[in-house]
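Q: Once you've had a glance at the structure underneath, I'll fire off some questions.
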Amino acid sequence: MPHKQIIKDIKQGKVSPVYLVGGEEAYFVDEITETIENGILEEGERSFNMDIFYGMESDLSNIVSIAKQYPMMAERRLVLIKEAQKIKDLEILDQYINNPVSSTTLLIAMKGKNFDSRKNVYNPKKNPNIVLFNGKKIPEYKLSPWVIDYCKNKGYQIDALRAQVLIDHLGNDISKLVNELGKLFINKKKGDSITAEDIETKIGISKEFTVFELQKAIGLRDTKKANQIILYYSENLKTHPFVLLAANLFNYFNRLMLFYYTQDKSDANLSRELGINPFFIKDIKIAAKNYSAMKVLKNISIIREYDMKSKGWEVSENDHGEWMKEMIYKLMH
């Protein structure tokens with residue numbers, strides 16, 4: 001079941017006896033866990049009716065015993081097992097999961113690991129007592145729409161460009177993105193848009209000198225803009241390390257190479273194949289006109305060469321700032 005539907009049902013009072021919540025994306029596991037922990041019992045009911053256990057410290061036989069107890073002065077008892085991926089003998093709970101107490105809600109939450117839905121006890125179609133969630137990492141090309149949708153649900157607006165700037169700087173860690181977005185919402189009114197100035201002042205990401213802006217300048221063969229950005233990078237190596245620059249540019253030119261070998265060049269298909277938001281496909285198409293396939297292949301080799309140099313390969317001293325400028329010049333000429 002989608003995590004949004006699980007949360008919606010809980011808030012509407014549709015509570016199941018057992019929740020099995022796992023997957024690669026820790027944020028979704030935490031969000032469902034927090035909703036169950038805070039949304040089923042009233043605050044005054046929790047001290048007598050909520051028990052929380054963690055990973056290897058959990059005594060599963062004792063948990064079953066507690067789960068079978070009836071609630072005190074409340075309609076429901078809540079039993080939470082967090083970090084369940086650390087438990088080796090989780091199958092001890094299978095018998096209870098197949099026949100749970102209707103007045104108890106048992107949550108088993110594990111991160112980085114899925115419940116095996118091939119087992120009847122973990123299969124919602126075979127076991128009506130459970131709600132199962134195995135969350136997957138959001139693909140890179142879907143991250144920008146996810147950020148836009150998250151902001152919209154919180155009552156704010158952000159465009160694809162600003163969303164991508166955040167992703168380029170913060171990576172694909174959803175929890176980290178959500179935390180930084182929370183900073184952007186401070187002192188904003190509902191309905192307001194997140195601006196480049198907001199991102200710069202509250203998170204510290206320059207609106208002019210992001211890797212995305214550098215990639216765009218390279219793709220347009222705008223040497224003036226590219227040189228301006230790389231000069232700034234070369235003077236601020238702590239915040240713009242060479243290894244991160246090389247990785248981003250390698251991914252950029254690798255996408256350009258994939259563009260040439262993709263037969264279906266519709267925006268939707270390119271977005272899937274290249275792993276980027278459809279909003280940025282037009283920039284890739286422009287770059288493909290400015291760089292031949294042979295030049296792209298050569299640029300990938302140039303980036304690898306300078307990446308090896310930055311790691312000490314066949315060099316006597318490191319001058320990352322100068323290498324940045326040399327590399328950008330070679331990539332664009």
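The values are calculated or read from the model by the stated rules, or taken from the named source; none is laboratory data. All values reported here derive from a predicted model rather than from experimental measurement. Don't worry about glycine lacking a Cβ; one is built from the backbone with ideal geometry, like all the others, and counts go over all protein chains shown.
Q: Residues of region 20-53 being assigned to a helix (DSSP H, G or I) and in contact with a helix residue (DSSP H, G or I) (Cβ under 8 Å, 6 or more places away or on another chain), which ones?
A: Pass one, region 20-53, residues assigned to a helix (DSSP H, G or I): 26-39, 43-49.
The answer is A26, Y27, F28, D30, E31, I32, T35, I36, G39.
Q: Still on this structure, please answer the following. Answer with yes or no whether S144 is touching a residue at least 12 places away in the same chain (Cβ under 8 Å) and either closer than 21 Å to I7 by Cβ or surrounded by fewer than 18 Cβ atoms within 10 Å (Cβ to Cβ) (or both).
A: Values: touching a residue at least 12 places away in the same chain (Cβ under 8 Å): yes; either closer than 21 Å to I7 by Cβ or surrounded by fewer than 18 Cβ atoms within 10 Å (Cβ to Cβ) (or both): no.
Here the answer is no, as S144 does not meet what is asked.
Q: Quick one: is I186 outside the structural domain of A247 (by TED's automatic domain parsing), over 27 Å from A247 (Cα atoms), over 12 Å from the mean Cα position of the chain (by Cα) and of a type in the set (V, I, T)? Can you show your working first?
A: Details: outside the structural domain of A247 (by TED's automatic domain parsing): yes; over 27 Å from A247 (Cα atoms): yes; over 12 Å from the mean Cα position of the chain (by Cα): yes; of a type in the set (V, I, T): yes.
Spelling it out, I186 is indeed outside the structural domain of A247 (by TED's automatic domain parsing), over 27 Å from A247 (Cα atoms), over 12 Å from the mean Cα position of the chain (by Cα) and of a type in the set (V, I, T).
Q: Among the residues that make up region 155-168, is at least one of them crowded, with 21+ Cβ neighbours inside 10 Å and touching a Gly at 6+ places or on another chain (Cβ under 7 Å)?
A: Checked region 155-168: no residue is crowded, with 21+ Cβ neighbours inside 10 Å and touching a Gly at 6+ places or on another chain (Cβ under 7 Å).
Q: Would you please name the residue that is modelled with the lowest pLDDT, looking only at residues in region 140-167 that are part of a loop (DSSP other than H, G, I, E, B) and within 18 Å of F212 (Cβ to Cβ)?
A: Quick first cut of region 140-167, residues part of a loop (DSSP other than H, G, I, E, B) only: 155-156, 158-159.
From the residues that got through so far, the ones that are within 18 Å of F212 (Cβ to Cβ) too are 158-159.
Numbers: I158: 93, D159: 88.
Among those that are part of a loop (DSSP other than H, G, I, E, B) and within 18 Å of F212 (Cβ to Cβ), it is D159.
Q: A further question follows. Collect the residues in region 65-89 that are of a type in the set (A, V, I, L, M), buried (at least 18 other Cβ atoms within 10 Å of the Cβ) and not in a helix (DSSP H, G or I), keeping them in residue-number order.
A: Filtering region 65-89 down to residues of a type in the set (A, V, I, L, M) leaves 66-67, 72-74, 78-81, 84, 87.
Then drop every residue that is not buried (at least 18 other Cβ atoms within 10 Å of the Cβ), which leaves 67, 74, 78-81, 84, 87.
Listed by number, the residues that qualify are A74, L78, V79, L80, I81, I87.
Q: It is to be established whether one or more residues within region 54-64 are at pLDDT below 95 and in a strand (DSSP E or B).
A: Checked against the condition, which is being at pLDDT below 95 and in a strand (DSSP E or B), region 54-64 yields at least one hit.
Q: Looking at region 274-306 only, could you name the residues that are closer than 28 Å to R162 by Cα and acidic (D, E)?
A: So the first thing to find is which residues in region 274-306 are closer than 28 Å to R162 by Cα, and the list is 274-291, 296, 299-300, 303.
Passing the criteria: only D283.
Q: Scan region 102-139 for residues that are of a type in the set (K, R) and either in a loop (DSSP other than H, G, I, E, B) or modelled with pLDDT of 95 or more (or both) and jot them down.
A: Looking only at region 102-139, we keep the residues that are of a type in the set (K, R), and these are 111, 113, 118-119, 125-126, 136-137.
Selection gives K111, R118, K119, K125, K126, K136, K137.
Q: I've got another one for you. Quick one: which residue in N179, N153, N172 is outside the structural domain of N277 (by TED's automatic domain parsing) and more than 16 Å from the chain's Cα centre (by Cα)? So that I can check it myself, show each step before the final result.
A: Numbers: N179 fails: more than 16 Å from the chain's Cα centre (by Cα); N172 fails: more than 16 Å from the chain's Cα centre (by Cα).
One residue alone meets the criteria, N153.
Q: So, in region 248-286, exactly how many residues are touching a residue at least 24 places away in the same chain (Cβ under 8 Å) and among the hydroxyl-bearing types (S, T, Y)?
A: 3
Q: Here's something else I'd like to know. Could you check region 37-86 and list, in sequence order, the residues that are touching a Ser or Thr at 6+ places or on another chain (Cβ under 7 Å) and β-branched (V, I, T)?
A: Once the filter is applied, which keeps residues that are touching a Ser or Thr at 6+ places or on another chain (Cβ under 7 Å) and β-branched (V, I, T), region 37-86 yields I40, V79, I81.
Q: All but one of (1) assigned to a helix (DSSP H, G or I); (2) at pLDDT below 90; (3) among the polar types (S, T, N, Q) hold for N299, so report the exception by its number.
A: Against the list (1) assigned to a helix (DSSP H, G or I); (2) at pLDDT below 90; (3) among the polar types (S, T, N, Q), N299 comes up short only on (2).
Q: Keeping to region 104-122, report how many residues are loosely packed, with under 15 Cβ neighbours inside 10 Å and not charged (D, E, K, R).
A: 2
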